[in-house]
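Beneath this line is the structure, given in structure tokens, with notes to follow.
Throughout, read-outs are computed from the coordinates displayed, never taken from laboratory work. Every value quoted in this text rests on a predicted model; they were computed, and no experiment measured them. FYI the Cβ positions are ideal-geometry reconstructions off the backbone, even for glycines, and counts take in every protein chain you see.
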């Protein structure tokens, strides 16, 4: 089970945090601080896995963003790397060549996509097509509402 | 940046841009505060906000929170959004609730109501939103509210696949916080049969759920094995086009494969059915074969996914530990990875091999890779990989290669990273002890450790070498000679002085015949280090000197001179002064015979477990390091490995269960069980050094009930397996105690049985009732046990509870004193100076007074003493004693038969670092008991 996922920039700014275990806020901040420092200090060719407290950390850098997951001792590190990759692919497909700015300005979307991929720290849907379909149907509902709103505003409804 | 689909919020984008344009942290904080004020006024204002505005502001709050600021309002507005009929508003409401969960009871009820409505929706998008929110919060409230709906959604025929997937994982999340949510009976088979579902996404999600259910109740879900094996077999043999979008970079369904392989690892043996077993082995072979095929893609995603499945298959092979052929193949495969280009693969291969090294079938196979592993230890760029190589060398070490591996580790230690040195020192010390056939080698190794990495050699390590030298006559002369030589070095580590001092004090006579190490030479050599050492080492050296007087009467006057020098103000340390004076007197007053008796050679230490291993385990909480070959789980041909000592020990301990924890070397056992009992037989070195310096005991178990004199709640006991917490409350002569037993291991503790030890006679004074507990303590679970206590008459000491259970087939037992000493029944009594001293004078009879003088803990801590007294139960009275440093207390002990008034005075003497404790009470037994409880506690 994944315990949490953090996205942060090369400057150490947190861009997204998702916690699958209940930690007190103070602990969350402490964990984040420690991990960001640890990972930013690592060199590019180093191993993507590290032992940390009683869990394992799996991380990977995509352009200016670090994706970092904590998993349990028995979980599969390599496949966790691929969960990260699948998430990146989904973001990329949705935003069209995603960049850090997309995630900053549309953080809520980043969350919605993540919720379609993982629930309670376990992978829910591995098919890229199916996740995108789910997100698309959410967007469709929103767009309908938006159109409806506009029509109402101009007195057509 | 692509245009955002759905429905964007301009105000939010502007705000985010503003924040990004802030030049400084201060500017950012200012902008945020302004926005928070704005939102607050909008939320409080009279004008009702429409849904869009609410959504926008809630979203801004979320963004501010994600920047790391605390948000303490907006929850109500977010909850309002949940019931919006616009999806976009609802969704933001849910997001806010999920990220900023607040268990505020009023709101939770509203949230649950909204979720209920959305679960009923005919639109699967709404249902999923609700399920995701339940999973995100995952609290007991949620479990209680939805224990009916979610299991139904999961197995119902009408549920759409996407909803089923969410429901499975949602249920899993709730199951983790409230295991009783899963209905049993016919549901079991319906849940298991999800493994046969047409939809791969549903199977993937369901497998995670089933894995958790199996862990809790393996027998009930045993039916999943056959389904899992056949599903796995179908996936592995599928071509990558068969599974369409569930193929990931040419690897068919890697996530599902890994989950199924994990699921099967819950059973051992995986299956009893020969047919299923054959199919599984065939599947595992196919996975191993595929690893040899040329890659279908150069992308790292392809190799990662493929190898993820491979590593998980190897985990299953190791876990079953019954197929020599597969184990050897796995080992060869991992061997190839050891020289792979990818750091990740090398790391994982080393890790996996650590486990293979502990199987008797593959141990020899792993050893073939020793060269490469040693190279990894030396050459890898990443310290975590180097550390993994060290772990593997440790795991693959046996009698055959011990000398070589230990030597390589010693060589590497000189340049090793500081972060891994301490652990390496422990490992080298353990291996050297475990595989020593010639103890001169062992002594050399430990002395080398001290020389190379003295700062990282913990007390346990040097205590151990002394214990071993004392117990083995054949090595004593050699040890004396070697430490003597080591001490010649101009700069030698203080730990070397300690070992040298101790060994020469005991066995210096064995080398005294050689004029180069004549008594006076030995003494001068040691004393040349004296001034550079800490008080603790100096104290040890003083003891060595007095032993020298016994061993070498001819240098008596030289030594007496030194004692004389240090018996006065030259030693700022009171302990050293005292030692020097006492030793001096001893050497003057005692006859040769008396001296010889007092300073007789140390008796052998009882053979007991080395505490080093426990220290090592503690350092690696998640992963217990292993250097032990498991017994195979199926009958196997005798391999050369069976000669291995570790193996012999293992079967030895199986035969003799009552003694399971004391194997021959005392190295590979769980922490000792003789806690609290028979401590006399544990003659540790610490005794020799005087109590004042003994800070840590040799046992790895945290067992300190003394501190519970001063508090009622906390962790009572902890070792690798078990943690026991306590909560207690007392009123008048009644007390209630909750014990919380937490299983820290990955396996259930069975036959779990706490038994109260409190004699019938004692029970007439303190009546203790204990509720029974379940005999099985599940992995990672915690159970509570309630005790009630009634104080009938004052009593001494406190009841003990003896806890026994089985862990991994071995019986464990230890005793723990309960925090139920008589002071718990104190009622604090407030009084002024006049009445205090009036009562004090009244209680001046011989039987009403008790007094003790004791040395203060270093350094003397008055504030700490006051804190302790406040927790002790009596009233700490200020402005009563004319000397502000003195502490006086008053209290009444409530028993059923009577109330006993009690006064106490604690007087510190800062110069002497001592305390004088006086207790006066109307009853003699109380006076004595309170005095006993409190003495030596400050």
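Estimated from helical segments only, the mean residue ellipticity of chain B at 222 nm is -16000 deg cm²/dmol, where each DSSP H run of four or more residues counts as -39500 (n - 2.57).
Annotation for the stretch B:535-552 versus the stretch A:1-64: alpha-carbon center distance of 53 Å.
Each residue, residue B:196 and residue B:237, gets one label point 7 Å from its Cα in the Cβ direction; the gap between the two is 1.9 nm. Compute the long axis of helix B:51-66 from its Cα atoms, compare it with the longest principal axis of the Cα atoms of chain B, and write down the angle in degrees, 0 to 90, nearest 10. Taking the Cα atoms of chain B, the angle to B:51-66 is about 30 degrees. Note on residue A:136 and residue B:381: with the Förster distance fixed at 35 Å, the Cβ-Cβ geometry gives a FRET efficiency of about 0.20.
If the chain between residue B:788 and residue B:757 were fully stretched, how many nm would it gain, using 0.36 nm times the residue separation less the Cα-Cα distance? Present the calculation step by step, with values, prior to reporting the outcome.
Working: separation 31, 0.36 × 31 = 11.16 nm, distance 1.45 nm.
Contour length minus Cα-Cα distance gives 9.7 nm.
Each of residue B:399 and residue B:282 was given a label point 7 Å from its Cα along the Cα-to-Cβ line. The distance between the two points is 4.3 nm.
Per-peptide packing, taken as the mean over residues of other Cβ atoms within 10 Å, places B:594-603, B:138-147 in the sequence B:138-147, B:594-603 from highest down.
Our summary gives the stretch B:9-100 a relative contact order of 24 percent, counting only alpha carbon pairs under 8 angstrom and 6 or more residues apart.
Over all residues in B:197-208, what is the mean tally of Cβ atoms on other chains that come within 10 Å of each residue's Cβ? Write out the running numbers ahead of the final one.
Working: counts 0, 0, 2, 4, 7, 1, 0, 6, 7, 0, 2, 7.
Neighbouring Cβ atoms belonging to other protein chains average 3 per residue here.
Between 0 and 90 degrees, rounded to the nearest ten: what's the tilt of helix A:77-95 against the longest Cα principal axis of chain A? In chain A, helix A:77-95 runs at an angle near 30 degrees to the longest axis.
Shape class of the stretch B:702-820 from the alpha-carbon gyration tensor: prolate, with a/c at 1.5 or above and a/b greater than b/c.
Counting alpha carbon pairs within less than 8 Å and at least 6 residues apart, what relative contact order, in whole percent, applies to the stretch B:792-937? If you can, show how the numbers build up before the last one.
Numbers: 261 pairs, mean separation 40.3, N = 146.
Relative contact order of the stretch B:792-937: 28 percent.
Just checking the output field for B:124-131: average partner chain Cβ neighbours within 10 Å of each residue's Cβ?
Working: counts 2, 6, 1, 0, 7, 3, 0, 4.
Averaged over the peptide's residues, the number is 3.
Simple spin-label estimate for residue B:50 and residue A:27 gives 4.4 nm between the two label positions (7 Å along the Cα-to-Cβ direction from each Cα).
Given a Förster distance of 51 Å, report the FRET efficiency between residue B:935 and residue A:43 from their Cβ-Cβ distance, rounded to the nearest 0.05. The partial results should precede the final answer.
Working: r = 57 Å, r/R0 = 1.12.
Rounded to the nearest 0.05, the efficiency is 0.35.
Each of A:97, B:303, B:581, B:320 was scored by other Cβ atoms within 10 Å of its Cβ. Arranged with the fewest first, they read A:97, B:581, B:303, B:320. Remark: the residue B:300-residue B:33 segment gains 91.5 nm on full extension, using 0.36 nm per residue and subtracting the alpha carbon distance. Counted by neighbouring Cβ atoms within 10 Å, the residues B:347, B:456 run from fewest to most as B:456, B:347. Which residues does the label zone of residue B:40 cover in the stretch B:13-31, counting backbone N under 15 Å from a point 7 Å along Cα→Cβ? Counting backbone N atoms under 15 Å from the label point, the list is B:30-31.
The Cα center of the stretch B:208-233 and the Cα center of the stretch B:438-511 differ in position by 55 Å.
With the convex hull drawn around the C-alpha atoms of chain B, the volume per residue stands at 250 Å³.
The mean count of C-beta atoms from other chains within 10 Å of the C-beta of residues in A:129-139, rounded to a whole number, is 4. The C-alpha atoms of chain B define a longest principal axis, and helix B:833-842 lies at about 50 degrees to it. FRET efficiency for the residue B:597 to residue B:489 pair, using the beta carbon distance and R₀ = 30 Å, is estimated at 0.25.
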